[in-house]
Amino acid sequence: MLLQVIINGILKGGLYALMALGMSLIWGVMDIINIAHGSFIMLGAFCTFWLFEYFKLDPILSLVFSISSMFFLGYFIQKYIINLVIRAVIFITLILAFGIEIFINNFALVLWTADVRKVQVPYGAANFSLGGLATIPFMRLFAFILAIIITTIFFIILNKTKLGRSIRATAQDLDAARLAGVDVAKTYSLTFGFGVAAAGAAGTLWSLLFPINPMMGGVLTLKSFVVVIIGGLGTMLGPIIGGLTLGVVEALGTNWFGQSFENLISFSILVLVLIIRPRGILGGSE
Amino acid sequence: MKKISVYLILLLIAIILPFFSNNFIIRFVTTIFMFGIMASAWNIIGGYTGYASFGNVVFFGIGAYITAILMEKGGMPFYLAFPAAGIGAAIFGILIGLPVLRLRGHYFAIATLGVAEAVKALVDNLEITEGNSGIYVPTLNLPVKGQYYFYYFMMLATLIGIILTTIFILRRKFGYGIIAIREDEDAANAVGINTTLFKTTAFALSGFFTGLAGSIYAYQLGFLKPEPVFTVQTTVKMIVMAVFGGIGTIFGPLLGAFTIEVISQILSNYFLVIHTLFFGVIVILAIIFTPQGIIDIVTGRKKFGMAYLMENIRKHRI
């Protein structure tokens, strides 16, 4: 029983890791807290939902569409909106992202109404047994593996390509990067694009496992915070460690206290980690 | 002297206004006062002290729920529950402020947001708050018109209270202290300002007045549920109003509350279903074009025009 709970936690944790990846990237490079992150996850989920409803496109194939469309959305939002205020005091970008969140959520509410939807695939309920000790739902394992693969691809882009180098250079020292010939405004737009694309991918995977609705973003943003805060900024492993930790702790916590305490548990973790270790479990001292 | 007479005239208008208006206008202006209180309270911690709290709605919710619990379960009259709500919110501000105010910048913002969400989830699960089914507040035993007057003047008095408090503290060591903390906390510490004490006091003060607003709101509404009371959108509204009016100014937040509420009201008249969508647009436009606040324009210190808007953008773009 306990083994089953922990396995469920780990599987969900993989998805949390992918969810937080984009937020961690945007935060680390540009010092922007993307409050609208959960809304982008929601858009990714509904992108999959739409393609599935109207074109009967397999949700897994729709990953390509959700990732690419969300990349362009993110790119243009950064280019034409956020870049305009990027040098103002930090809470200005924060409240701007709130404005974007309110806009996206209500736009989605008009498009898709407040109904709870589900992407129902025929193979959704398949599972296999782990030697009689625990059952593993096939979709959850699949989403977990995909989340890890996508996270890895993002890390390769960041660490092995020229674009990744300019993104990291901008994060380390804006002026030095500029002197070395990096187009900072463009790098920022690309970074935001990548971050939102990762959110879109997380949304697609989320829609495979859980019901979706236009207002689901707020809680997901906060959970992404928890993951980023636990893992700390600026490390490759941060989101993965944070995601798995949150997944397991949440699974154990709801197992003991009940499902309605899920949010209370994750937000309490957020506040506690911030107070005790503000730079994350992996992060250095202040 | 001219300035003071303008404010006195405005105050006089505010006092006689309800006797010449219908219930709708009274309720509408009461809401403006409420947001004026909350935006001004946010201004103390976010504007003067420089700690951008993204969880100030927690004080509002705590004030509202203290009022509901004391009156409904404790049988207390409102005139006792009202100050208790403010003091309760202030104590919560001290307790939560001591650990959280050690964080800076984004980390403080996220921590306060997390606190607000955690308290919402807690209220949702507690028995004494009746969880998600909601809690009733006894209604005021007055004729309808009298009720409208009562809430209106309670909000107005609290609003005057916070504005006088702001003016008062700005002329004291405390006011200079918190502004010094905003400009450079380490330097403030070095010249002997007890930064922890000052920050926590500012946070508690902000919580006190927000809690009072929550208390009147609870009495006026008569029924509370965790979701609308603790919604993060209220925090967003406070901040946007303060920014739009002018953070770090005495009357800016009130001006922002007035302008944003009027715009929202007009929008919701024309676009019943999608007016929240436009609120998002207002937030985005206000942040991009008037990050310094419109108070400079209203008081005639700057001229409004294309040049003013472009100057703001040029200052912060990359």
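Would the stretch B:105-121 turn up any residue that is under 29 Å from B:I260 (Cα atoms) and charged (D, E, K, R)?
yes
Just wondering, is there one or more residues in the stretch A:82-90 that are touching a Leu at 6+ places or on another chain (Cβ under 8 Å) and at negative phi?
Taking the stretch A:82-90 as the starting set, the residues that turn out to be touching a Leu at 6+ places or on another chain (Cβ under 8 Å) are A:82, A:85.
In the following step, the residues that additionally are at negative phi were identified as A:82, A:85.
Looking through the stretch A:82-90, at least one residue is touching a Leu at 6+ places or on another chain (Cβ under 8 Å) and at negative phi.
Where residues in the stretch B:1-26 are surrounded by 15 or more Cβ atoms within 10 Å (Cβ to Cβ) and assigned to a helix (DSSP H, G or I), which of them is farthest from the chain's Cα centre (by Cα)?
B:P18
Just checking, which of A:S66, A:S39 is at pLDDT 90 or above, crowded, with 17+ Cβ neighbours inside 10 Å and away from chain B (no Cβ under 14 Å)?
Values: A:S39 fails: away from chain B (no Cβ under 14 Å).
On inspection, the qualifying residue turns out to be A:S66.
Would you pick out the residues in the stretch B:1-20 that are without any contact (Cβ under 8 Å) to a residue 12 or more places away in the chain and under 18 Å from B:Y151 (Cβ atoms)?
B:I16, B:F19, B:F20
For B:I62, only one of the following conditions fails: (1) within 14 Å of chain A (Cβ to nearest Cβ); (2) touching a helix residue (DSSP H, G or I) at 6+ places or on another chain (Cβ under 9 Å); (3) assigned to a helix (DSSP H, G or I). What is its number?
(1)
Within the bounds of the stretch B:239-248, is there any residue that is in contact (Cβ under 8 Å) with a residue 12 or more places away in the chain and surrounded by fewer than 22 Cβ atoms within 10 Å (Cβ to Cβ)?
Keep residues of the stretch B:239-248 that are in contact (Cβ under 8 Å) with a residue 12 or more places away in the chain, which gives B:239-248.
When the remaining residues are screened for being surrounded by fewer than 22 Cβ atoms within 10 Å (Cβ to Cβ), the result is B:248.
The answer is yes, given that some residue of the stretch B:239-248 is in contact (Cβ under 8 Å) with a residue 12 or more places away in the chain and surrounded by fewer than 22 Cβ atoms within 10 Å (Cβ to Cβ).
Restricting to the stretch A:100-138, name every residue that is of a type in the set (D, E) and assigned to a helix (DSSP H, G or I).
Passing the criteria: only A:E101.
Hey, does the stretch B:79-90 have a residue that's within 14 Å of chain A (Cβ to nearest Cβ), buried (at least 21 other Cβ atoms within 10 Å of the Cβ), under 30 Å from A:I90 (Cα atoms) and hydrophobic (A, V, I, L, M, F, W, C)?
There is no residue in the stretch B:79-90 that is within 14 Å of chain A (Cβ to nearest Cβ), buried (at least 21 other Cβ atoms within 10 Å of the Cβ), under 30 Å from A:I90 (Cα atoms) and hydrophobic (A, V, I, L, M, F, W, C).
Select the helices (runs of 4 or more DSSP H) contained entirely in the stretch B:260-318, then report the ones holding at least 2 residues which are surrounded by fewer than 13 Cβ atoms within 10 Å (Cβ to Cβ).
Helices (runs of 4 or more DSSP H) meeting the threshold: B:306-316.
Identify the single condition in (1) part of a helix (DSSP H, G or I); (2) within 14 Å of another protein chain (Cβ to nearest Cβ); (3) surrounded by 17 or more Cβ atoms within 10 Å (Cβ to Cβ); (4) not β-branched (V, I, T) that A:N34 does not satisfy, given that it satisfies every other one.
(1)
Looking at the stretch B:159-204, which of its residues are in contact with a Gly (Cβ under 6 Å, 6 or more places away or on another chain) and of a type in the set (D, E, K, R)?
B:R182
Working only within the stretch A:179-212, note down all residues that are assigned to a loop (DSSP other than H, G, I, E, B) and either aromatic (F, W, Y) or in contact (Cβ under 8 Å) with a residue 60 or more places away in the chain (or both).
Across the stretch A:179-212, the qualifying residues are A:F210, A:P211.
Would you confirm, using the coordinates I've provided, whether B:Y219 is among the aromatic types (F, W, Y), out of contact with any helix residue (DSSP H, G or I) (no Cβ under 8 Å at 6 or more places or on another chain) and more than 27 Å from A:G217 (Cα to Cα)? Outline the logic, then answer.
Numbers: among the aromatic types (F, W, Y): yes; out of contact with any helix residue (DSSP H, G or I) (no Cβ under 8 Å at 6 or more places or on another chain): no; more than 27 Å from A:G217 (Cα to Cα): yes.
No.
Is it fair to say A:F76 is surrounded by fewer than 20 Cβ atoms within 10 Å (Cβ to Cβ), more than 14 Å from chain B (Cβ to nearest Cβ) and in contact with a helix residue (DSSP H, G or I) (Cβ under 9 Å, 6 or more places away or on another chain)?
Against the criterion (surrounded by fewer than 20 Cβ atoms within 10 Å (Cβ to Cβ), more than 14 Å from chain B (Cβ to nearest Cβ) and in contact with a helix residue (DSSP H, G or I) (Cβ under 9 Å, 6 or more places away or on another chain)), A:F76 does not qualify.
Against the condition facing chain A (nearest Cβ under 9 Å) and either in a loop (DSSP other than H, G, I, E, B) or crowded, with 24+ Cβ neighbours inside 10 Å (or both), how does B:I110 come out, does it pass?
yes
Being more than 10 Å from chain B (Cβ to nearest Cβ), touching a helix residue (DSSP H, G or I) at 6+ places or on another chain (Cβ under 9 Å), under 19 Å from A:T191 (Cα atoms) and in a helix (DSSP H, G or I) is the requirement here; does A:G22 meet it? Show your work before the answer.
Numbers: more than 10 Å from chain B (Cβ to nearest Cβ): yes; touching a helix residue (DSSP H, G or I) at 6+ places or on another chain (Cβ under 9 Å): yes; under 19 Å from A:T191 (Cα atoms): yes; in a helix (DSSP H, G or I): yes.
When the stated conditions are applied, A:G22 passes them.
Given the stretch B:123-235, what helices (runs of 4 or more DSSP H) lie entirely inside it while holding 1 or more residues that are within 24 Å of B:A257 (Cα to Cα)?
On the way: elements: B:144-170, B:173-183, B:185-190, B:195-221, B:226-229.
In the stretch B:123-235, B:144-170, B:173-183, B:195-221, B:226-229 are the helices (runs of 4 or more DSSP H) which contain 1 or more residues that are within 24 Å of B:A257 (Cα to Cα).
Return the only residue of B:V115, B:V137 being surrounded by 14 or more Cβ atoms within 10 Å (Cβ to Cβ), more than 14 Å from chain A (Cβ to nearest Cβ), closer than 16 Å to B:G214 by Cβ and at pLDDT below 95.
Checking each option against the conditions leaves just B:V137.
Within the stretch A:124-137, can you find the residues that are exposed (fewer than 11 other Cβ atoms within 10 Å of the Cβ) and in contact with a helix residue (DSSP H, G or I) (Cβ under 7 Å, 6 or more places away or on another chain)?
A:F128, A:L133
Considering (1) within 17 Å of the chain's Cα centre (by Cα); (2) in contact (Cβ under 8 Å) with a residue 24 or more places away in the chain, say which one A:V64 fails and leave the rest.
(2) is the only condition that A:V64 fails.
Would you check if B:S40 is more than 13 Å from the chain's Cα centre (by Cα) and surrounded by 12 or more Cβ atoms within 10 Å (Cβ to Cβ)?
Numbers: more than 13 Å from the chain's Cα centre (by Cα): no; surrounded by 12 or more Cβ atoms within 10 Å (Cβ to Cβ): yes.
No.
Just the residues that are among the small types (G, A, S) and either over 22 Å from B:I91 (Cβ atoms) or in contact with a strand residue (DSSP E or B) (Cβ under 6 Å, 6 or more places away or on another chain) (or both), please, taken from the stretch B:158-210.
Residues satisfying the conditions are B:G175, B:A180, B:A187, B:A188, B:A190, B:G192.
Find the residue count for the stretch A:229-259, including only residues that are free of Cβ contacts under 8 Å to residues at least 12 places away in the same chain and either aliphatic (A, V, I, L, M) or at positive phi (or both).
Selection size over the stretch A:229-259: 1.
The values are calculated or read from the model by the stated rules, or taken from the named source; none is laboratory data. Please read all numbers here as calculations on a predicted model, not as lab measurements. Cβ: placed from backbone, ideal geometry, glycine included. Neighbour counts: every protein chain shown.
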